[in-house]
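Report on the following structure.
The values are calculated or read from the model by the stated rules, or taken from the named source; none is laboratory data. These numbers were taken from a predicted model, which means no experiment stands behind them. Quick reminder, even Gly has a Cβ in these numbers, built from the backbone with ideal geometry, and neighbours come from all protein chains shown. All accessible areas refer to the heavy atoms of the entire protein, side chains included, with ligands and DNA or RNA removed. Shrake-Rupley method; radii C 1.70, N 1.55, O 1.52, S 1.80 Å.
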Amino acid sequence: MPAIKPRVIEFRNVEFVDGQPIKLYALTHRAVFGSEETFASALKQLPDWLNLAAAIEAEPSRAGFLIVHEGHDGVWTLLNRWLDGEMLHSVTFFSDHERPGEFRRLAVGSMACVWELDLIIAERRFWIEEFLQNAEASSLEEYLRRGKTGLTD
């Protein structure tokens with residue numbers, strides 16, 4: 001196993017898909033994220049991917065986040081949505097570097113790597129602080145802002 005080196009995490013934007021806000025993150029082992037074609041292809045897939053969770057019997061989510069992780073072996077894409085107020089539903093896809101627009105869905109039960117978990121842990125903290133600890137005065141706008149201001153705030 002190669003030596004562990006920190007990953008570059010970049011908050012990109014908030015994309016509204018069928019009215020639902022999805023925070024967009026790029027993650028890479030390189031100095032600069034280079035899988036822009038895969039990132040753009042993932043954005044085009046978002047409406048279909050959001051429908052994957054429609055069969056789950058849960059309260060609709062208010063928001064979610066997408067992680068596009070440029071790894072050594074390919075690009076891992078994780079779509080995460082908050083359901084029932086405190087449950088995180090995640091769907092994971094993989095793309096080869098040579099075929100950036102082709103996504104293969106991973107089996108149910110797959111999880112995240114240590115680098116993706118950094119983002120998931122930060123998003124968990126943002127969600128708890130904004131919606132679970134602050135229910136009466138919760139703010140979707142504040143939750144969405146949290147990715148823009150860095151992961152250490």
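At a glance:
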| read-out | value |
| --- | --- |
| From the options 9, 56, residue that is under 27 Å from residue 139 (Cα atoms), modelled with pLDDT under 95 and assigned to a strand (DSSP E or B) | 9 |
| Of all residues in the stretch 79-101 being within 13 Å of residue 35 (Cα to Cα) and of a type outside the set (Phe, Trp, Tyr), the one that is least open to solvent (accessible area, probe 1.4 Å) | 95 |
| Conditions (1) closer than 15 Å to residue 69 by Cβ; (2) touching a strand residue (DSSP E or B) at 6+ places or on another chain (Cβ under 9 Å); number of the one not met by residue 46 | (1) |
| Residue in the stretch 17-31 that is among the charged types (D, E, K, R), part of a loop (DSSP other than H, G, I, E, B) and under 27 Å from residue 138 (Cβ atoms) present | yes |
